[in-house]
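The values are calculated or read from the model by the stated rules, or taken from the named source; none is laboratory data. Predicted model only: the values in this text are computed from it and were never measured. Every residue, glycine as well, gets a Cβ built from its backbone with ideal geometry; the counts of neighbours run over all protein chains shown.
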Amino acid sequence: MVMESTEPWLVEFFAPWCGHCKALAPEWEKAAAELKADGIRLGAVDATQHGELAQKYGVKGYPTIKVFPGGAKKKGSTYKGPREAAGIVDYARSTLGGSAQAASIELQELTSPEVFSSTCGSAKLCAMLFLPHILDSGAQGRNAYLDTFKEIAAEFRRMPIAFVWTEANAQPALESGFSINGNFPTLAMVSV
């Protein structure tokens, strides 16, 4: 369920006999209720019943909370924040942002030096994604690359990083400067 979802998730791995898990349970329920409107989901897994799953995610003690950002799910990271509802909610909102916030991230197509200046000028870093030409990747391939780039941008939205993209041969001077040499996709970071 979690891995197929595009929504961000926090998943608690617990053991029924664990005192800390029992103390977390009402806080977890409060946080889940509050975050539901943000599109952030909370779940719980009884690690004594689902040992293989707990082992897969490196659970060594209880409770262990794993964080799965929105979009394509990979390995979850371990949550190390507060164990009360307010702290969980604050962390989730500031780190995961919810589906509405992730959807609002706009990636600028790098079409001119002016776009670079206006988009990257006020940031400390500029992430530039060089994509294959749309005739090479197709619209579906292009959109998949941009969706992944948007997920990355969402992860770093609180940092002074701007995100731009361009397609093959649209910015030959930049491609040459970064030695792209036809290797698409390529992500380049520039300190501005």
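When you scan segment 154-192, how many residues do you find that are surrounded by 16 or more Cβ atoms within 10 Å (Cβ to Cβ), small (G, A, S) and part of a helix (DSSP H, G or I)?
So the answer is 1.
It is to be established whether one or more residues within segment 118-141 are of a type in the set (S, T, N, Q) and crowded, with 16+ Cβ neighbours inside 10 Å.
Filtering segment 118-141 for residues of a type in the set (S, T, N, Q) gives 118-119, 122, 137, 140.
Cutting the leftovers down to crowded, with 16+ Cβ neighbours inside 10 Å gives us 119, 137.
Yes - at least one qualifying residue is present in segment 118-141.
As an exercise: evaluate A144 against (1) touching a helix residue (DSSP H, G or I) at 6+ places or on another chain (Cβ under 9 Å); (2) in contact (Cβ under 8 Å) with a residue 60 or more places away in the chain; (3) not acidic (D, E) and give the number of the one condition it does not meet.
Here A144 meets the rest and fails (2).
Would you mind stating whether L35 is modelled with pLDDT under 95 and on the phi < 0 side of the Ramachandran plot? Working first, answer last.
Numbers: modelled with pLDDT under 95: yes; on the phi < 0 side of the Ramachandran plot: yes.
It is true that L35 is modelled with pLDDT under 95 and on the phi < 0 side of the Ramachandran plot.
Quick one: which of S179, S137 is at pLDDT 90 or above and either in contact with a His (Cβ under 8 Å, 6 or more places away or on another chain) or closer than 28 Å to F68 by Cβ (or both)? So that I can check it myself, show each step before the final result.
Values: S179 fails: either in contact with a His (Cβ under 8 Å, 6 or more places away or on another chain) or closer than 28 Å to F68 by Cβ (or both).
Result of the check over S179, S137: S137.
Scan segment 159-173 residue by residue and report those that are within 17 Å of F149 (Cβ to Cβ) and under 27 Å from the mean Cα position of the chain (by Cα).
So in segment 159-173, the residues within 17 Å of F149 (Cβ to Cβ) come out as 159, 161-168, 170-171.
Matches in segment 159-173: M159, I161, A162, F163, V164, W165, T166, E167, A168.
Tally the residues that are free of Cβ contacts under 8 Å to residues at least 60 places away in the same chain and either over 24 Å from the mean Cα position of the chain (by Cα) or under 18 Å from E114 (Cα atoms) (or both), restricting the search to segment 175-192. If you could, list the steps in order and put the result at the bottom.
Going residue by residue through segment 175-192, those that are free of Cβ contacts under 8 Å to residues at least 60 places away in the same chain are 175-186.
If we keep only those that are either over 24 Å from the mean Cα position of the chain (by Cα) or under 18 Å from E114 (Cα atoms) (or both) too, we end up with 175-183.
Result for segment 175-192: 9.
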